[in-house]
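Chemist: Once you've had a glance at the structure underneath, I'll fire off some questions.
The values are calculated or read from the model by the stated rules, or taken from the named source; none is laboratory data. The model shown is predicted, which means the values in this text are computed figures rather than measured ones. We place every Cβ from the backbone using ideal geometry, glycine too, and count neighbours over all the protein chains shown. The area values use the complete protein model at the heavy-atom level, side chains included, leaving out ligands, DNA and RNA. Shrake-Rupley method; radii C 1.70, N 1.55, O 1.52, S 1.80 Å.
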Amino acid sequence: MENETSMPSSLVVPVIDVQNDNFTELWPAMVVAIKTSSFIAVDTELSGLGNRKALLAESIEDRYKAICHAARSRSIISLGIACYKKQEQKDADTYLVQVYNVTLLCSEEYIIEPQSVHFLVQHGFDFNKQYSHGIPYCKGNNKGGLDDRGVHIRALFTELLRAKKPLILHNGLIDMVYLYQSFYAHLPERLATFTADLSEMFPAGIYDTKYVSEFELRLTASYLEYAYKKSKLDNSRSVSSGATGPHVYIEFCVYSGTMSTYVDYRECPAVTLSEEQTEICQRFSAFGWCLNGTQCPLSHDTDLVILQDEKHKDDKKKKRKRQREKKKGGGSSEGAPQNKIPHMEVDSEPGTGDQKDKACPDSVSVVEGHDKVQEEESESLKTELDKICEDGTVAKRSPTETHSVAAHSNGAGTGGGLEKSTKPDKQKKTDTGTHRAGFDAFMTGYIFAYSCVHIKEEGEGDAMKEGEEKEQSWLPTCINKVYLSGKATPLNVVKSSFSKSSKAHVQKMEMVWGGRK
């Protein structure tokens, strides 16, 4: 394994703060970013989740009803949107990324759960800013029939639907239910009706990176920060080693003038081995959260968890190799992480890592539970996008370097020969921790971009047929499959022959498309 001290330095992501007093000003940029994107990653911060045990009910229909109850009585307090635009004229899998963190304030009464508040405060959420500057909205069906006009969050959600882009979420069932209730219409009573509506709302497909992490990447853990850091680490190693094949490259706009005052720079340090070897909290290691929070005496260092998992994986590989030398054959689950065996529809041995999941019925928490809007001419959109990025340029850094938005790119496409640059002098100080709706959306999008490269590289033999649509090249084995905790199969977002779309959805789609689909 490569020496961790040679790993890349921190990634700095510009996140644009959107609130009530600058929403109208930022509206044009947000709409252009959505319309010109290749895919859009979304994340939500919620005022609560309701009954945790009900969210893990054996019946998926019962789970849906529990989430619906929570979405009707609670609210979205912030929305993260990360627009990834593939740069066709540059290196393969180079993306221009624009990230928005939208602060919201529901205008109706809603429940705020102490557990959720505690978690959000620990991660730097500013409730004072939410109540003083949050963008107001009302839940359920539209109030006044103006969903497709004006500047408000429902109209933004309508723009997201009109864009017909792939929607990327992480453990996304809860997010989708809340988004539907908050910005679209009253939720249907039946799950089959809900999935039928979603399949028409997002015709380009819905992708769940938790499902991708579990079933495609087969990561040891699949909570958001773990999956992101592991993907970024493996991508950086591949670039550093000079390996052939595609890699993920990220570009950001250079924001100037008034726009720059809205940018919050979120730092995600590269995975490194801590000098202090502390014992890892096994609950955090498995789920990405712990009931004790910051008071836990054990380590909640995701970097340490990843490196320890890699070491154990190497040890297991050596052990299996020795076993194979002694005898041929092996179990059908050989090579799979122990805590993933129950999700692979094979029998697991007693005492393996899957027991952690069974022993923790409340594992769907604020983190684990959701680990958790007319098309113009394309040339006109390109012009608008160029205005957003100063002089039409972007700041590009390879995955092996410090990412900065302080300078224009020089030597794009080199993959490792760019000079490091400093951050802007007036850059805001990064908050403690990286958990936030905007940054979480960025991480979700990155996992998806990396997965597309990694899985495509592994399946070279199953290359697309000549003439096949480019949009179908994302992750065909994962489209419209949403992760379900404790289940061996995902929720399929499809419209079956036995279900109909809801009346509210049919009326809404007529408004969205002006009478045409």
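Chemist: Taking H placed 1.01 Å from N in the peptide plane, check which residues at least 5 places from Y249 or on another chain put their amide H under 5 Å from its amide H.
Modeler: Those qualifying (amide H under 5 Å, at least 5 residues apart or on another chain) are T94, Y95.
Chemist: Where only protein heavy atoms count, and the probe is 1.4 Å, what is the accessible area per residue for region 133-210 in Å²?
Modeler: 26
Chemist: So if we plug the beta-carbon distance of E109 and E189 into 1/(1 + (r/R0)^6) with R0 = 25 Å, what FRET efficiency do we get, rounded to 0.05?
Modeler: 0.65
Chemist: Taking 22 Å as R0, compute the FRET efficiency from the Cβ-Cβ separation of K311 and L291 and round it to 0.05.
Modeler: Efficiency for this residue pair is about 0.25.
Chemist: While we're here: Region 8-83: percent of C-alpha pairs farther apart than 22 Å?
Modeler: The calculated P(r) of region 8-83 puts 48 percent of pairs beyond 22 Å.
Chemist: Based on C-alpha coordinates, I'd like the Rg and Dmax of region 122-223, in Å.
Modeler: For region 122-223, the Cα radius of gyration and maximum Cα-Cα distance read 16.1, 49 Å.
Chemist: Nearest 0.05, what FRET efficiency do E510 and K86 give at R0 = 35 Å with Cβ-Cβ as r?
Modeler: Working from the Cβ atoms, E equals 0.65.
Chemist: Same structure again: Name the long-range amide H neighbours of N141: under 5 Å, sequence gap of 5 or more, or other chain; modelled H, no Pro or chain starts.
Modeler: Answer set, sorted by chain and number: H186.
Chemist: Extending each Cα 7 Å along its Cβ direction at K503 and S59, get the distance between those two points in nm, one decimal.
Modeler: About 2.5 nm separates the two model spin labels.
Chemist: Indicate the gyration tensor shape class of region 204-261 (rounded, prolate or oblate), computed on the Cα atoms with a ≥ b ≥ c the square roots of the eigenvalues: a/c under 1.5 is rounded; otherwise a/b larger than b/c is prolate and the rest oblate.
Modeler: Oblate.
Chemist: Report the charge-dipole magnitude of region 87-192 in Debye, nearest 20, computed about the Cα centre from +1 at each Lys and Arg Cβ and -1 at each Asp and Glu Cβ.
Modeler: Values: 10 positive and 12 negative charges, 57 e Å.
The dipole magnitude comes to about 280 debye.
Chemist: Hey, another quick one. Please quote Rg/Rh for region 46-167 to two decimal places, taking the Kirkwood radius as Rh and restricting both calculations to Cα atoms.
Modeler: Over the Cα atoms of region 46-167, Rg/Rh equals 1.03.
Chemist: Here's a follow-up. Mind jotting down the distance between the C-alpha centroids of region 214-262 and region 74-118, whole Å?
Modeler: So the two Cα centres are separated by 17 Å.
Chemist: Oh, and also: Which whole-number percent of Cα pairs in region 167-267 have a distance greater than 16 Å? Intermediate results must be reported in sequence, preceding the final value.
Modeler: On the way: 3630 of 5050 pairs.
Tail of P(r) above 16 Å: 72 percent of Cα pairs.
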